[in-house]
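The values are calculated or read from the model by the stated rules, or taken from the named source; none is laboratory data. Since we're looking at a predicted model, the values are computed, not measured. Backbone-built Cβ (ideal geometry, glycine too); neighbour counts: all protein chains shown. Side chains are part of the model used for accessible areas, which takes the heavy atoms of the whole protein and leaves out ligands, DNA and RNA. Shrake-Rupley method; radii C 1.70, N 1.55, O 1.52, S 1.80 Å.
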Amino acid sequence: MTRAELSTVLGHIPEQWRLLFELLAHTGLRISEAIGLTWADVELGSTPRLLVRRQDCRGEIGPLKSEKSRRDIPLSPGMARRLKLARGSRAAAERVFTSSQGVPISDGNLRRRVLRPAVEAAGLPWVTFHTFRHTCASQLFEADRDVKQVSEWLGHADAGFTLKVYVHLMDAGVGDAAFMDDAVVPAADEATG
């Protein structure tokens with residue numbers, strides 16, 4: 001999604017669920033990783049980050065998709081503040097995101113009851129949970145993160161996969177060559193100025 005599309009979708013997400021969807025866009029977590037988070041996985045100290053260690057796949061807590069999926073993701077100061085407010089006095093073992101009854105979230109129910117109505121209202125019916133992951137990757141590349149950094153951030157098995165999926169975001173043609181005048185200078189020219 002573009003930033004404008006993301007903003008529109010988030011505007012249609014009910015307030016109760018907005019933090020979860022903002023976290024998806026901030027972190028690029030898979031939905032199974034996000035709903036599997038506990039407060040023990042959220043470090044809000046001087047270097048706020050998420051510790052991705054498990055996933056909730058169809059209601060079952062289990063191992064991550066791959067060994068590389070186990071990762072630490074930095075949190076922005078704003079997201080860390082929002083999570084700190086959301087935590088309150090909740091115990092470390094509690095899930096970060098639960099249903100209104102306090103039970104683990106079903107991604108299917110969340111899709112039907114929250115995401116689909118929001119994206120339909122936003123006029124963006126093609127948006128899925130995974131679109132938030134792709135949007136995060138786009139933002140990372142736009143912020144000049146390299147393919148290795150994005151691969152690690154997203155927990156991909158290898159940077160080659162990341163490159164294959166996101167190469168279109170890096171296509172700015174060959175650019176100009178003006179920088180080469182400063183980069184390729186014979187020693188004699190350097191001495192004479």
Considering only protein heavy atoms, with the full assembly of protein chains and a 1.4 angstrom probe, order 54, 145, 113 by accessible area, largest first.
-> 113, 145, 54
Shape category assigned to the range 43-149 from the gyration tensor of Cα positions, a/c cut at 1.5 | rounded
How would you rank 100-107, 4-11, highest first, on the average number of other Cβ atoms within 10 Å across their residues?
-> 4-11, 100-107
Using alpha-carbon coordinates, inclination of helix 15-27 to the longest axis of the chain, degrees | 30
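Between residue 109 and residue 149, take the C-beta separation as r, use R0 = 25 Å, and let me know the FRET efficiency to the nearest 0.05.
After rounding, the FRET efficiency stands at 0.15.
Where does the charge balance sit around residue 99 when Lys and Arg score +1, Asp and Glu -1, over other residues with C-beta under 12 Å from its C-beta?
Computed value for this residue: +1.
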Classified through the alpha carbon gyration tensor (a ≥ b ≥ c as square roots of its eigenvalues; rounded if a/c is under 1.5, else prolate when a/b is larger than b/c, else oblate), the range 1-43 comes out prolate
For the chain, accessible area per residue (1.4 Å probe, heavy atoms of protein chains only), Å² | 58
Virtual paramagnetic centre 7 Å along Cα→Cβ of residue 126, amide N under 12 Å, in the range 1-41 = 1-2
Mind listing P(r) for the chain? All alpha-carbon pairs, 5 Å bins, whole percents.
-> 1, 7, 14, 17, 17, 15, 9, 5, 3, 3, 3, 2, 1, 1, 0, 0
Which length gain, in nm to one decimal place, applies between residue 44 and residue 179 when the Cα-Cα distance is subtracted from 0.36 nm times their residue separation?
-> 44.4 nm
Judged on accessible area alone, 1.4 Å probe, highest first, 57, 136 line up as 57, 136
The range 72-166 - percent relative contact order, Cα under 8 Å, separation 6 or more | 16
Subtracting the Cα-Cα distance of residue 4 and residue 187 from 0.36 nm times their residue separation yields 60.9 nm
Row for the range 101-142, column shape: gyration tensor on C-alpha, a ≥ b ≥ c, rounded if a/c < 1.5 i.e. under 1.5, prolate if a/b over b/c, else oblate; value oblate
Rank-order 92-98, 35-41 by packing density, defined as the average count of other C-beta atoms within 10 Å over each peptide's residues, highest first.
-> 35-41, 92-98
Straight-line reach check, residue 148, cutoff 18 Å on alpha carbons, 8 or more apart in-chain or any other chain, hits among aspartates and glutamates -> 67, 72, 158, 171
Relative contact order for the chain: what is it in percent, counting Cα pairs under 8 Å that are at least 6 residues apart?
-> 26
